[in-house]
Amino acid sequence: MNLDVAFLVADLDKAAIRTWQRVFHGPSMGMALREESITDENLFRIAREHPALVCRKFTSREEPLNGADWEWWIGSDDEGWIALRIQAKKLVNMRYDELRYKAASAERVQCRVLVEETEREAHGRAVYPFYCFYNGWDHSGGWPDGIPWTIGCSKPANCRTVPDVRVFGCALAPAHEVLEIIDSSTTPLEASGVLPHERPWSWIFANKGRSNAVDLTTIHENVQRQRGEREPGDPLDELPNYASAVRAQWRPNALREVAPFVPCTYVAVTDLATMLVDAEIRRDR
């Protein structure tokens with residue numbers, strides 16, 4: 001399956017830039033948003049524009065047992081499925097103040113819970129823990145001084161891979177690397193330690209912002225590129241029941257059957273088979 005996902009990549013970048021503006025300008029206007037509100041807005045807009053991405057918000061869990069805010073399932077019934085289990089954190093004055101958050105009832109920091117519980121439940125399957133960082137700063141100077149730029153080209157906007165640094169408004173980083181920073185850094189909350197590990201979330205579908213022709217194998221390779229040399233898991237043959245119910249857009253009353261098994265507040269499903277049909281419809285317009 002070879003898909004044109006340029007429309008989805010573009011909208012993910014638009015959402016990232018919109019998030020950047022919210023994070024940077026919101027506090028000065030007395031309109032700072034919490035992570036959950038940003039996630040709400042981003043997933044809502046993208047799901048409205050892309051029938052292939054279906055999202056459902058379940059009852060909010062203040063202290064989820066697996067440390068995640070949402071799961072993002074990507075694949076198809078023919079090719080199998082991979083999942084990103086994601087915790088969102090927002091940048092405030094170049095710090096991630098909640099990065100060492102520990103629930104009142106937990107003995108481990110949230111990041112460790114996310115990493116360890118995901119590994120325990122995955123059983124060698126392609127379910128991966130990630131952080132999604134909501135960023136924003138005065139971008140007139142591009143990348144912050146003194147923070148390593150690890151993309152492999154000149155800094156934005158001189159880099160064709162990142163023509164606009166604001167695509168880092170929604171940026172993913174492997175939770176394992178975040179945990180290493182928490183455990184080893186003397187200043188784990190400073191953005192300077194985490195930003196070099198982050199990549200725009202659209203890169204899941206477009207490697208380094210360039211290629212828009214992907215199948216599940218390529219998407220999985222993009223995810224693995226971010227995860228480094230860690231052993232990849234095997235795609236799942238089918239969605240878990242709760243994710244399948246989300247994809248099928250069950251009515252709220254019917255969703256009560258699967259709600260007890262939902263591990264996060266949000267469940268998003270990107271069906272690549274549906275995306276293929278949607279891309280063909282767009283090209284015919």
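Residue-wise test of (1) under 30 Å from residue 237 (Cβ atoms); (2) buried (at least 19 other Cβ atoms within 10 Å of the Cβ); (3) in contact with a Lys or Arg (Cβ under 8 Å, 6 or more places away or on another chain).
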{"position": "139", "(1), (2), (3)": "no, yes, yes"}
{"position": "148", "(1), (2), (3)": "no, no, no"}
{"position": "190", "(1), (2), (3)": "no, no, yes"}
{"position": "201", "(1), (2), (3)": "yes, yes, no"}
Considering only the stretch 116-170, how many residues are among the acidic types (Asp, Glu), without any contact (Cβ under 8 Å) to a residue 40 or more places away in the chain and outside any loop (DSSP other than H, G, I, E, B)?
-> 2
The number of residues in the stretch 166-188 that are open to solvent by 10 Å² or more (accessible area, probe 1.4 Å) and under 18 Å from residue 20 (Cα atoms) is 2
Filter the stretch 213-262 for residues that are closer than 27 Å to residue 194 by Cα and in contact (Cβ under 8 Å) with a residue 40 or more places away in the chain and give the result.
-> 219, 220, 223, 226, 227, 228, 230, 232, 233
Taking the stretch 124-179, which residues are of a type in the set (Lys, Arg) and over 29 Å from residue 81 (Cβ atoms)?
-> 155, 160, 166
Among (1) over 14 Å from the mean Cα position of the chain (by Cα); (2) surrounded by 15 or more Cβ atoms within 10 Å (Cβ to Cβ); (3) over 16 Å from residue 91 (Cα atoms), where does residue 10 come up short?
-> (2)
Subset of the stretch 85-102, residues among the acidic types (Asp, Glu) and either open to solvent by less than 10 Å² (accessible area, probe 1.4 Å) or within 22 Å of residue 117 (Cα to Cα) (or both), comes to 98
Please work out if residue 254 is among the aliphatic types (A, V, I, L, M) and at pLDDT below 95.
-> yes
Of the residues that make up the stretch 47-61, is at least one without any contact (Cβ under 8 Å) to a residue 40 or more places away in the chain, open to solvent by less than 80 Å² (accessible area, probe 1.4 Å) and in contact with a strand residue (DSSP E or B) (Cβ under 9 Å, 6 or more places away or on another chain)?
-> no
Please note which helices (runs of 4 or more DSSP H) are completely contained in the stretch 178-274 and include at least 1 residues that are closer than 24 Å to residue 55 by Cβ, over 18 Å from the mean Cα position of the chain (by Cα) and of a type in the set (A, V, I, L, M).
-> 241-247, 252-255
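The values are calculated or read from the model by the stated rules, or taken from the named source; none is laboratory data. Please read these numbers as outputs of a predicted model, since none were measured by experiment. Ideal geometry is used to build each Cβ from the backbone, glycine not excepted, and the neighbour counts take in all protein chains shown. Please note that ligands, DNA and RNA were not included when accessible areas were found on the heavy atoms of the full protein model with its side chains. Shrake-Rupley method; radii C 1.70, N 1.55, O 1.52, S 1.80 Å.
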